[in-house]
């Protein structure tokens with residue numbers, strides 16, 4: 001199993017919107033590295049849902065329910081989507097400030113590649129985020 005983080009601006013698509021829909025086609029990604037990450041996603045992989053710009057915090061846990069296929073919002077067949085389903089909101093959000101203040105996250109893609117909208121998460125980082133969210 002692999003672990004990922006996806007970013008969404010809450011005023012465009014929030015965790016609450018995601019939960020209300022019950023699943024989401026993760027579309028509109030136009031970064032080549034993020035696209036490669038989406039291609040690597042497998043059904044059952046776990047995904048951290050991050051509110052970017054407003055909040056700057058990890059707010060919930062999702063999982064991949066369908067692997068990549070062509071993005072219907074693009075005429076370019078290289079762009080792909082995956083489908084995600086929510087698992088749980090976090091009882092306590094994990095802020096970017098908390099992550100940046102913790103030396104254990106210094107190599108995390110969220111910190112090093114801050115503009116990347118779909119990023120891998122190491123298992124150790126994932127486990128630490130879950131522990132912080134459930135303190």
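Laboratory data are not the source of any read-out in this text; all were calculated from the coordinates shown. All values reported here derive from a predicted model rather than from experimental measurement. For neighbour counting, all protein chains shown are included, and Cβ atoms are generated from backbone atoms with ideal geometry for every residue, glycine included.
Values computed for the structure shown
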item	result
Test for residue 67: is it part of a strand (DSSP E or B) and surrounded by 14 or more Cβ atoms within 10 Å (Cβ to Cβ)	yes
Residue count for segment 95-114, restricted to those that are in contact (Cβ under 8 Å) with a residue 24 or more places away in the chain and under 22 Å from residue 64 (Cβ atoms)	3
Total residues in segment 1-41, condition part of a loop (DSSP other than H, G, I, E, B), farther than 22 Å from residue 111 by Cα and in contact with a strand residue (DSSP E or B) (Cβ under 6 Å, 6 or more places away or on another chain)	2
Restricting segment 72-94 to residues that are without any contact (Cβ under 8 Å) to a residue 40 or more places away in the chain and under 17 Å from the mean Cα position of the chain (by Cα), the residue that is surrounded by the fewest Cβ atoms within 10 Å (Cβ to Cβ)	88
Residue that is surrounded by the most Cβ atoms within 10 Å (Cβ to Cβ), among those in segment 52-61 that are assigned to a strand (DSSP E or B) and touching a helix residue (DSSP H, G or I) at 6+ places or on another chain (Cβ under 7 Å)	58
